[in-house]
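A.B. asks: Just dropping this structure here.
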C-alpha cells in the first residue's frame with residue numbers, strides 16, 4: 001500500500017510502477033472536483049491515454065446537481081474518462097469510479113469518502129475482480145473476546161495463530177471491543193471449524209461473540225433473556241460512548257429494545273425509565289494513568305455495581321469503558 | 001507512504017529502499033508483543049544489526065506489568081534494541097519507540113495505537129527531527145467553514161488555492177465539521193495573513209472559526225453570549241452524535257456550560273433542564289437518499305425550528321447532522 005501526494009507526475013509514476021508489480025491495482029481518493037484531485041490525470045498519463053468528457057456521465061452529473069442549484073464547472077472533471085476506462089456508478093456521491101482492464105492488469109479507482117468507497121468496493125469492484133480472475137470465494141470466521149489482552153490471548157491459543165491449518169490464514173487484532181481472532185480460507189469453509197473450535201475452547205468465558213456480532217446487541221440480548229423488554233442507559237464522563245454503541249446495536253429479537261440514554265455532564269440527572277437501566281461512569285485516572293469504569297444495572301433486572309479496569313488511552317478510552325461495561329452486563333446475565 | 005504486510009523480509013526490503021530515498025523514515029505499528037509484530041526485526045535486518053534485550057527497558061516493562069499480574073513472556077520482545085537504536089519512552093503503552101540515526105538517515109519507529117503514536121510523535125519525534133535537521137518551525141493557519149461544498153468553496157476563493165503567495169502552501173479539506181482551508185509556511189508567519197484574509201472575505205458568513213476552534217465550543221459560546229449559562233441537548237435518530245460533540249467541546253469561558261444530553265430512541269423522553277436546550281432530530285431519507293435535520297433551541301434562550309439539508313452518507317451522516325445543527329445555532333446567535 002502506498003499513499004501519494006496530490007502531484008500528477010508522482011501519481012503517474014506510481015501507477016506505472018504498480019502495473020509492473022501486480023495484476024490488480026486499487027487507488028482510492030483524488031476523484032473530487034478540485035484542482036488537487038489528480039488521480040484520473042495521473043492514470044491517464046501512465047497509460048498514455050487522453051481524458052475526454054463522457055456525455056452520459058456529464059448528463060448524470062448535471063441531473064444530480066439539479067436539486068442543489070447550479071453545478072460548479074469544476075465538477076465537470078468528474079465526467080471525464082479515458083478510452084480504456086469504464087465508469088463505476090457511485091449511488092451516494094458525485095464521483096464515479098473507474099474500472100480499467102488493459103494489458104492484463106486491472107486498475108480500479110474509487111472515491112476516498114469512506115462510505116462511498118466501501119459501498120462501491122463491495123458492490124461493484126469485488127464481484128468484478130472475482131469474476132475477472134475466477135477467484136474462489138473467501139470464507140472468514142471471527143472469534144471476538146473481551147477481558148484478555150492481545151499477547152495473553154495469543155499465548156492462550158498456543159501455536160494456533162502460527163499453525164491454523166492447511167489453507168487457513170489466521171490473524172489477531174486488538175479492537176475497542178476486545179481482541180478478535182480471524183481465520184480465513186479460499187478452500188472449503190469447513191477448514192475453519194477446527195481452528196475456531198480451538199480458539200473458543202482456549203478463550204472460554206472471554207468470548208462474547210463471532211463474525212457479525214456486536215457487543216451492544218449481545219448485552220441487549222442478555223438483558224432480554226433475563227426478562228427486560230426495554231433498556232435505557234445513563235452515563236457520566238464518557239462523552240456518550242455507551243449510548244452511541246447501544247443506539248447502533250443491531251437489536252435483533254429476542255434482544256431487549258434500547259429506548260434511549262442520558263449523558264450526565266453535571267446537570268441533566270433525570271434517570272430514564274426502562275425495565276433495565278445500564279449505568280456507567282468513568283473513575284478519574286490514577287497517578288499511573290490507569291482508569292476504571294463503574295457499572296451497574298437497575299430496574300426490574302439488576303446487576304450490583306462493579307469497577308473494571310480500562311486499557312487504552314485517549315478518546316479510545318471512552319469507547320473501551322463503554323465496551324467494558326457492556327461485557328460486564330453480558331457476563332452477569334449470560335445463561 | 002507505504003503500508004506493509006507482517007512479513008519480515010518485505011519490511012526489511014522496504015526499510016532498505018526508504019533509506020536510499022529519504023533523510024527521515026517513519027514507521028508506525030508492528031511493535032506489539034505478538035508473532036506478527038515484525039518492525040523491529042525488519043529494521044535490524046535492513047541495517048545488518050542484531051537484536052538484544054536491553055536491561056533497563058526490560059526492568060521498566062516488568063515494572064509496568066506488576067499491576068497486571070504476570071507478564072506474558074512474549075512481551076519481552078518489546079525490550080529488544082539494536083546498537084544504533086535509542087528507545088523512545090511510551091508513557092501510555094507497553095511498546096517503546098525507536099530513534100535510529102545511522103549513515104545520515106534518521107529512522108523513527110512508533111507504535112500503531114493512534115493515541116500512543118500521536119503523543120510520542122509530537123512530544124518526542126518532532127522536537128528531535130527539528131533539532132537534528134535545524135528546521136525552521138512550521139506555521140499553520142486554518143479557516144473553517146460550514147454550509148458550502150468543497151468545490152463551491154474552491155471556486156469562491158478564485159485562484160487562492162493555486163497561488164496562495166510566496167513560500168505558502170494551501171490545501172482544502174472536506175471534514176465532518178465542514179470545509180477547511182489550510183495555509184502553511186516555514187517562513188515568516190505574517191506571510192499567512194494575506195491568504196487567510198482573502199479566504200475570510202470570500203467565504204464570509206460560512207466561516208465559523210479557525211485553527212484549534214471546534215464547532216461545539218463556538219455554538220456554546222454563541223448561546224453564552226445570548227444569555228444562557230447552561231446548555232443541554234435532546235436528539236433523536238442521531239446515535240448521540242450531538243451530545244458527543246458537545247461533551248468534547250473545549251467549553252472555554254464565556255461559553256455556556258454543557259450539562260448533559262438525552263438521546264431519545266423511542267422511550268427516554270424526559271427533556272433535560274437548562275437555560276438552553278438544543279433539540280435535533282433526523283428526518284428520514286427521501287427517495288433520492290437525501291436527509292434533513294430539524295433543529296431548534298428552547299428555554300430562556302430560543303431559536304425557532306428549521307430544517308437543514310445534510311450532505312454525506314453512512315455513519316458520517318449523523319455527525320454531519322449534528323454539526324449542521326450546531327452551525328445553525330452559531331448563525332442564529334452570532335453577535
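A.B. asks: Return the residues of region B:196-216 that are free of Cβ contacts under 8 Å to residues at least 60 places away in the same chain, out of contact with any helix residue (DSSP H, G or I) (no Cβ under 6 Å at 6 or more places or on another chain) and surrounded by fewer than 23 Cβ atoms within 10 Å (Cβ to Cβ); say none if nothing qualifies.
C.D. replies: B:196, B:197, B:198, B:200, B:201, B:204, B:212, B:214
A.B. asks: For region A:300-312, name all the residues that are in contact (Cβ under 8 Å) with a residue 60 or more places away in the chain and either within 30 Å of residue B:111 (Cβ to Cβ) or surrounded by fewer than 20 Cβ atoms within 10 Å (Cβ to Cβ) (or both).
C.D. replies: Listed by number, the residues that qualify are A:300, A:311, A:312.
A.B. asks: Could you please give the count of residues in region B:47-73 that are part of a loop (DSSP other than H, G, I, E, B) and either without any contact (Cβ under 8 Å) to a residue 12 or more places away in the chain or in contact with a helix residue (DSSP H, G or I) (Cβ under 8 Å, 6 or more places away or on another chain) (or both)?
C.D. replies: Result for region B:47-73: 10.
A.B. asks: A further question follows. From B:324, B:239, B:332, grab the single residue that is in contact (Cβ under 8 Å) with a residue 60 or more places away in the chain, in a loop (DSSP other than H, G, I, E, B) and surrounded by 16 or more Cβ atoms within 10 Å (Cβ to Cβ).
C.D. replies: Answer to the check: B:239.
A.B. asks: With under 22 Å from residue B:328 (Cβ atoms) and surrounded by 19 or more Cβ atoms within 10 Å (Cβ to Cβ) as the only criterion, which of B:174, B:222 stands out?
C.D. replies: B:222
A.B. asks: In this structure, does residue B:79 turn out to be touching a strand residue (DSSP E or B) at 6+ places or on another chain (Cβ under 7 Å), more than 30 Å from residue A:157 (Cα to Cα) and surrounded by 15 or more Cβ atoms within 10 Å (Cβ to Cβ)?
C.D. replies: no
A.B. asks: Return the total of residues in region B:25-48 being touching a strand residue (DSSP E or B) at 6+ places or on another chain (Cβ under 8 Å), over 13 Å from residue B:98 (Cα atoms) and more than 12 Å from chain A (Cβ to nearest Cβ).
C.D. replies: 1
A.B. asks: Moving to a separate point now. Of all residues being surrounded by 16 or more Cβ atoms within 10 Å (Cβ to Cβ) and in contact with a helix residue (DSSP H, G or I) (Cβ under 6 Å, 6 or more places away or on another chain) in region A:9-18, which is nearest to residue B:169 (Cα to Cα)? Just the residue, please.
C.D. replies: A:11
A.B. asks: Quick check on my filter: what residues within region B:259-277 are assigned to a strand (DSSP E or B) and in contact (Cβ under 8 Å) with a residue 40 or more places away in the chain?
C.D. replies: B:276, B:277
A.B. asks: Still on this structure, I have one more. Which one of B:270, B:228 is touching a strand residue (DSSP E or B) at 6+ places or on another chain (Cβ under 8 Å), under 22 Å from residue A:265 (Cα atoms) and more than 8 Å from every other protein chain (Cβ to nearest Cβ)?
C.D. replies: B:228
A.B. asks: Among the residues of region B:278-296, which ones are part of a strand (DSSP E or B) and either over 29 Å from the mean Cα position of the chain (by Cα) or within 14 Å of chain A (Cβ to nearest Cβ) (or both)?
C.D. replies: B:278, B:279, B:280, B:281, B:282, B:291, B:292
Here, each number is a calculation from the coordinates, and none is a lab measurement. Just so you know, these numbers come straight off a predicted model, no measurement behind them. Ideal geometry is used to build each Cβ from the backbone, glycine not excepted, and the neighbour counts take in all protein chains shown.
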